[in-house]
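Below is one structure; the comments refer to it alone.
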């Protein structure tokens with residue numbers, strides 16, 4: 001360990017504060033708790049520490065080492081090398097958020113392009129710069145609905161098929177507030193139309209996921225019309241990659257769109273950092289949390305970018321802020337922007353189609369194995385639920401022994417679904433991997 005201060009430095013500091021010794025600084029701490037024996041290992045050189053940490057890291061088995069069929073909100077997609085190269089350029093890496101916007105033109109332009117991409121994908125008219133992750137963006141969508149309805153409505157109807165972690169985050173946001181969230185009591189096997197029975201005059205917003213947590217993708221046109229007839233808003237939580245293939249929320253006349261941008265060029269990274277998406281109609285722009293970047297011209301007539309709207313507590317009075325805790329994930333926003341720009345409209349559609357085709361091949365093969373059956377016949381993107389002949393927790397342990405990372409154990413979040421596995425398949429799951437996965441499932445089902 002490097003200590004920059006000499007004995008003379010320490011003596012000078014002690015004299016300045018009027019202490020006779022370093023020990024005197026700790027006299028207020030009970031003697032039995034002073035200078036405890038930390039039982040640290042012997043000191044090591046930097047080279048030795050590096051080798052020790054490498055040995056520890058090699059004990060991890062990740063998607064780089066094993067075929068993976070786990071998704072549930074975070075997906076293993078291919079990321080072009082150019083994404084990371086551009087992301088790590090010093091001009092972006094050290095100035096990832098525009099605290100001094102007038103001198104952050106590159107970052108502001110990237111945010112403007114990101115907003116444009118999100119608008120094109122979601123069919124909305126306005127997008128924020130970005131948020132912390134999909135869970136917080138989802139909670140901010142409910143906060144927006146409260147502001148739009150001027151807090152005169154104190155209930156949200158949230159589908160039980162919205163990601164359970166997102167719903168837990170929403171509960172955290174609303175703790176202590178006089179605001180009710182219902183929907184958990186509904187059977188997740190039911191479609192989104194079941195939510196309508198819970199909508200009343202006090203409902204600010206109805207929230208659904210598309211595709212939902214179980215991978216199902218429903219046409220929300222009729223639901224949207226009925227929600228609006230009841231005087232409520234419709235918020236949709238999306239997988240942005242699925243929007244390259246399916247109808248956009250704008251086609252359903254959704255009012256607010258939230259989601260996680262992780263499928264757009266952001267690695268799994270042991271859970272983050274990820275990227276929150278939040279978009280809405282133009283008439284609700286002043287309720288959107290976070291920041292918006294706009295394009296203008298400067299005094300010389302040159303194109304320039306500015307913070308058009310910034311409803312953060314750092315910029316305006318706290319009580320007027322759209323959110324007091326929103327975070328612009330600037331670097332992740334840049335990664336998503338570069339990724340979308342590299343692939344383009346047709347490239348995104350091609351990747352989405354690969355996910356769709358691979359998932360449907362896997363589902364077809366698994367459904368043909370004795371003891372396994374598909375849980376739903378609804379349309380789906382790259383995830384689907386399989387009923388298994390034994391608890392998924394047990395099955396996943398056995399899959400790992402066979403060199404596979406299995407799907408998500410739905411019994412963790414949905415009591416009674418301990419034998420149901422949420423399987424995710426992406427463009428990186430080859431036919432050979434899928435066939436091996438199916439063969440192992442068949443073998444384990446016969447145990």
If you take the residues of region 75-89 that are touching a helix residue (DSSP H, G or I) at 6+ places or on another chain (Cβ under 6 Å) and at pLDDT below 95, which of them is nearest to residue 62 (Cα to Cα)? 87
Which residue pairs have Cβ atoms closer than 7 Å, lie 6 or more positions apart in sequence or on different chains, and pair a first residue in region 429-447 that is closer than 15 Å to residue 373 by Cα with a second residue that is surrounded by fewer than 16 Cβ atoms within 10 Å (Cβ to Cβ)? 445/370; 445/371
Does region 37-57 include one or more residues that are touching a strand residue (DSSP E or B) at 6+ places or on another chain (Cβ under 7 Å) and either in a loop (DSSP other than H, G, I, E, B) or in contact (Cβ under 8 Å) with a residue 12 or more places away in the chain (or both)? no
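Might you let me know whether region 294-302 holds any residue that is in the same structural domain as residue 244 (by TED's automatic domain parsing), modelled with pLDDT of 75 or more and either touching a helix residue (DSSP H, G or I) at 6+ places or on another chain (Cβ under 9 Å) or within 30 Å of residue 442 (Cβ to Cβ) (or both)? Let's see the steps before the verdict.
So the first thing to find is which residues in region 294-302 are in the same structural domain as residue 244 (by TED's automatic domain parsing), and the list is 294-302.
Narrowing further to those that are modelled with pLDDT of 75 or more: 294-302.
Within this subset, residues satisfying the condition of being either touching a helix residue (DSSP H, G or I) at 6+ places or on another chain (Cβ under 9 Å) or within 30 Å of residue 442 (Cβ to Cβ) (or both) are 294-295.
Checking region 294-302: at least one residue is in the same structural domain as residue 244 (by TED's automatic domain parsing), modelled with pLDDT of 75 or more and either touching a helix residue (DSSP H, G or I) at 6+ places or on another chain (Cβ under 9 Å) or within 30 Å of residue 442 (Cβ to Cβ) (or both).
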Quick one: would you say residue 149 is closer than 22 Å to residue 250 by Cβ, crowded, with 24+ Cβ neighbours inside 10 Å and either touching a helix residue (DSSP H, G or I) at 6+ places or on another chain (Cβ under 8 Å) or touching a residue at least 12 places away in the same chain (Cβ under 8 Å) (or both)? no
Checking residue 193 against (1) out of contact with any strand residue (DSSP E or B) (no Cβ under 8 Å at 6 or more places or on another chain); (2) buried (at least 16 other Cβ atoms within 10 Å of the Cβ); (3) closer than 14 Å to residue 234 by Cα, which single condition isn't satisfied? (2)
Kindly establish whether residue 30 is farther than 30 Å from residue 161 by Cα, at pLDDT 95 or above and either touching a helix residue (DSSP H, G or I) at 6+ places or on another chain (Cβ under 6 Å) or exposed (fewer than 11 other Cβ atoms within 10 Å of the Cβ) (or both). no
Test each condition in (1) within 25 Å of the chain's Cα centre (by Cα); (2) surrounded by 16 or more Cβ atoms within 10 Å (Cβ to Cβ); (3) touching a residue at least 60 places away in the same chain (Cβ under 8 Å) for residue 379 and report the one that comes out false. (2)
Is it fair to say residue 307 is surrounded by 14 or more Cβ atoms within 10 Å (Cβ to Cβ), in contact with a helix residue (DSSP H, G or I) (Cβ under 6 Å, 6 or more places away or on another chain) and either assigned to a loop (DSSP other than H, G, I, E, B) or not assigned by TED's automatic domain parsing to the domain that holds residue 200 (or both)? no
Region 90-121 - residue that is modelled with pLDDT under 80 and crowded, with 16+ Cβ neighbours inside 10 Å and, of those, nearest to residue 334 (Cα to Cα): 96
Going through region 211-246 in order, the residues found to be touching a residue at least 60 places away in the same chain (Cβ under 8 Å) and over 19 Å from residue 384 (Cα atoms) are 232, 233, 235
(1) surrounded by 15 or more Cβ atoms within 10 Å (Cβ to Cβ); (2) closer than 30 Å to residue 252 by Cα; (3) touching a helix residue (DSSP H, G or I) at 6+ places or on another chain (Cβ under 8 Å): which one isn't true of residue 72, the others all being true? (3)
Run residue 9 past the list (1) over 28 Å from residue 267 (Cα atoms); (2) at pLDDT 90 or above; (3) within 37 Å of the chain's Cα centre (by Cα) and report the number of the one that doesn't hold. (3)
Sole residue being touching a residue at least 40 places away in the same chain (Cβ under 8 Å), touching a strand residue (DSSP E or B) at 6+ places or on another chain (Cβ under 6 Å) and within 27 Å of residue 243 (Cβ to Cβ), chosen from 165, 117, 77, 131: 131
Residue check, residue 62 against (1) at pLDDT below 90; (2) in contact with a strand residue (DSSP E or B) (Cβ under 6 Å, 6 or more places away or on another chain), all met but one. Which one? (2)
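Is it true that some residue in region 158-179 is on the phi > 0 side of the Ramachandran plot and at pLDDT 95 or above?
Initial filter on region 158-179 (on the phi > 0 side of the Ramachandran plot): 176.
Filter once more, keeping what is at pLDDT 95 or above: none.
Within region 158-179 (the criterion being on the phi > 0 side of the Ramachandran plot and at pLDDT 95 or above), the answer is no, since none of the residues qualifies.
Is it the case, given these coordinates, that residue 351 is assigned to a loop (DSSP other than H, G, I, E, B), over 22 Å from residue 104 (Cβ atoms) and either touching a helix residue (DSSP H, G or I) at 6+ places or on another chain (Cβ under 7 Å) or modelled with pLDDT of 95 or more (or both)?
Values: assigned to a loop (DSSP other than H, G, I, E, B): no; over 22 Å from residue 104 (Cβ atoms): yes; either touching a helix residue (DSSP H, G or I) at 6+ places or on another chain (Cβ under 7 Å) or modelled with pLDDT of 95 or more (or both): yes.
No; evaluated as a whole, the condition is false for this residue.
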Condition first: within 19 Å of residue 73 (Cβ to Cβ), modelled with pLDDT of 95 or more, in a helix (DSSP H, G or I) and assigned by TED's automatic domain parsing to the domain that holds residue 143. Can you find one or more residues in region 220-235 that meet it? no
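The values are calculated or read from the model by the stated rules, or taken from the named source; none is laboratory data. Because the structure is predicted, anything quoted here is derived from the model rather than measured. Glycine gets a Cβ as well: all are built from the backbone with ideal geometry, and neighbour counts include every protein chain shown.
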